[in-house]
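Report on the structure given below.
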Amino acid sequence: MHSELAIADEYVTTVIRYVERGVFKPAPVDALALLQEIMRRIDRFGDITPNHDQTAARSQHAYAALLHLVYQQFLTTGRPSDQWPPSRGNTSMHGE
């Protein structure tokens, strides 16, 4: 699962292009579905592992949930706009 989480992390880094340059380019895969599946698998794995492994499973689940939240917000708010970067009087990152 660690390697799958690393792959999902790589897809979510597409958010950096948006933050730094305003480039809205979603990942070539459904990163949200991938993260949801990873979280489900971590939940199942956490139920059958010894206590010391459950801590790692909880940490991985929390990280996957954070990536999911960040990427979901990126997809929701990162749609291309006509104004990038925003004008000085406009503090919205979307040029609205």
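A few remarks follow.
- With K and R counted +1 and D and E -1, the other residues having a Cβ less than 14 Å from that of ARG58 yield a net charge of -1.
- Fully extending the segment from ASP47 to GLN73, taken as 0.36 nm per residue of separation minus the present Cα-Cα distance, adds 6.4 nm.
- Separation of the ALA33 and ARG58 label points, Cα + 7 Å toward Cβ, nm: 3.2 nm
- Residue-count net charge about PRO28 - beta-carbon cut-off 14 Å; Lys, Arg +1, Asp, Glu -1: 0
- Potential lengthening between HIS2 and LEU66 on full extension [0.36 nm per residue; Cα-Cα distance subtracted]: 21.5 nm
- Unit charges on C-beta of K, R, D, E only; dipole of the stretch 2-77, Debye: 200 debye
Taken together, the values in this text are just the output of simple stated rules run on the coordinates, not laboratory data. Note that this is a predicted model, so its numbers are computed, not measured. So basically every Cβ, Gly included, is an ideal-geometry build from the backbone, and we count neighbours across all protein chains shown.
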